[in-house]
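The structure appears right after this line, and notes come after that.
The values are calculated or read from the model by the stated rules, or taken from the named source; none is laboratory data. Owing to the predicted nature of the structure, the values given are computational and were not obtained by experimental measurement. Backbone-built Cβ (ideal geometry, glycine too); neighbour counts: all protein chains shown. To get the accessible areas, we keep the full protein, side chains included, count just its heavy atoms, and leave off ligands, DNA and RNA. Shrake-Rupley method; radii C 1.70, N 1.55, O 1.52, S 1.80 Å.
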Amino acid sequence: MKHSKKFWSMTLSSLLALSMLAGCGANDTSDNGGGASSPGGEDGVFTIAYAPNESTAESADARNGLAEDLGAFLGCEVEEIQASDYNAIIEALRTGSADMAYMGSQALALGVERTDLEPIVMKAEEGDPDKAIYHSVFITSSANSDINSIADIKGRTMAFVDPDSTSGNLVPTAEIIQAFPDDELNTDVLHTNGEFFEAVSFSGSHQAGLQAVLMGDVDVVPISDQILASEIANGNADEEEVKIIHESGAIPAEAMVVAEHVDQETRDKLTEFLTSYDNETYFTDVIKVPGARFIACDMSDYQEIIELNKIINEF
């Protein structure tokens, strides 16, 4: 389903040029030897996986609330689990340990290389397809008076979020490569201590990266602009102490994806439920965008990020 969204601004061709320098019917009977579909997996439980970014103290009740509401709609037990990272989510979908998951577009791009997952809905501010986007922002502490733009980050300490994070790793990596065309950068250089950065690490979550900057543990982190806004709104960061030094172009929003084993009837029911779901607490605390709602989507909405991921990984 195509939407008139303006996605990430760097064209794939320009990046390639830079690279040259540098019913709970979860079981699809066609794949599982026949037999009637049953609620959830073999245990009759439908499982939704979330990453650490969506698994905060504020979000627990809201996640449980959606599980209860979806369970009532599907007529089976629904549970939500927290995965350690996006790789764990992809593996859970591949092996059948999870039936559905909420993930960013790079995780989706990695996931399609390992299993036939499918995005069915994506978040959109105010339920508007034109607003089904977000941005990666590079932030530093307001106390760092000598770091004011992306041009100032070379030789600093950097904490990306997670290897499989779109706004916390994939897009920031591409943005840095584009900003320093004469340095012949690639992903290995940007993630090796003492190369482009004095030291580089992964924070594990956007929230942890934000706190690392505020505590002075690292100079710069790239995080989702929506998570940054949520953390400030929840009182976990003082807006006056955070300085945004760079913002990426638009990125396609996170999606709910279903595993290969989930049958079409269940996919249709999930899409029906999610696109009509209006529990504001869930969208504020879990999705991190007050007033957001889910809209239907398909793989075409993520094709540019899928291609970008391939190019970056070929550097």
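Observations on the structure shown:
- All positions within segment 135-146 that are within 22 Å of GLN226 (Cα to Cα) and part of a loop (DSSP other than H, G, I, E, B): HIS135, SER142
- Residues satisfying the stated conditions in segment 162-188, i.e. open to solvent by less than 40 Å² (accessible area, probe 1.4 Å), out of contact with any Ser or Thr (no Cβ under 6 Å at 6 or more places or on another chain) and not small (Gly, Ala, Ser): ASP162, ASP164, ASN169, LEU170, ILE176, ILE177, PHE180, LEU185, ASN186
- Residue in segment 112-128 that is within 17 Å of the chain's Cα centre (by Cα) and among the polar types (S, T, N, Q) present: no
- Filter result for the condition that a residue is touching a Gly at 6+ places or on another chain (Cβ under 9 Å) and either of a type outside the set (Gly, Ala, Ser) or outside any helix (DSSP H, G or I) (or both), over PHE273, PHE283: PHE283
- Inter-residue pairs, beta-carbon under 7 Å, first closer than 13 Å to VAL258 by Cβ and open to solvent by 20 Å² or more (accessible area, probe 1.4 Å) and in segment 105-131, second assigned to a strand (DSSP E or B) and at pLDDT 95 or above, 6+ apart: GLU118/VAL257; GLU118/VAL258
- Flag: ASP238 does not match the condition of being over 16 Å from the mean Cα position of the chain (by Cα), among the charged types (D, E, K, R), open to solvent by 10 Å² or more (accessible area, probe 1.4 Å) and within 18 Å of GLY155 (Cβ to Cβ).
- Residues of segment 57-79 satisfying the condition of being open to solvent by 30 Å² or more (accessible area, probe 1.4 Å) and touching an Asp or Glu at 6+ places or on another chain (Cβ under 8 Å): GLU58, ASP61, ASN64
- Some residue of segment 201-218 being open to solvent by 60 Å² or more (accessible area, probe 1.4 Å) and within 21 Å of ASN313 (Cβ to Cβ): yes
- Test: residue in segment 149-169 that is touching a Gly at 6+ places or on another chain (Cβ under 8 Å), at pLDDT 95 or above and more than 16 Å from SER248 (Cβ to Cβ): yes
- So GLY34, is it part of a helix (DSSP H, G or I), at pLDDT below 95 and out of contact with any Gly (no Cβ under 9 Å at 6 or more places or on another chain): no
- Cross-chain or 6+ apart pairs with Cβ under 7 Å, segment 151-168 first and assigned to a strand (DSSP E or B), then of a type in the set (Gly, Ala, Ser): THR157/ALA199; ALA159/SER201; ALA159/SER203; ALA159/GLY209; ALA159/ALA212; PHE160/GLY168
- ILE232 meets the conditions (1) of a type in the set (A, V, I, L, M, F, W, C); (2) open to solvent by less than 40 Å² (accessible area, probe 1.4 Å); (3) assigned to a helix (DSSP H, G or I); (4) at pLDDT 95 or above in every case but one. The failed one is (2).
- Conditions (1) polar (S, T, N, Q); (2) within 24 Å of ARG293 (Cβ to Cβ); (3) at pLDDT 95 or above; number of the one not met by GLN211: (2)
- Some residue of segment 90-97 being part of a helix (DSSP H, G or I), exposed (fewer than 15 other Cβ atoms within 10 Å of the Cβ) and at pLDDT 85 or above: yes
- Screening GLY216, GLY204, GLY194 for residues that are closer than 22 Å to ILE90 by Cα and either in a loop (DSSP other than H, G, I, E, B) or modelled with pLDDT of 95 or more (or both) leaves exactly one candidate, GLY204.
- The combined condition, being of a type in the set (Phe, Trp, Tyr) and closer than 22 Å to GLY111 by Cβ, is fulfilled by PHE202.
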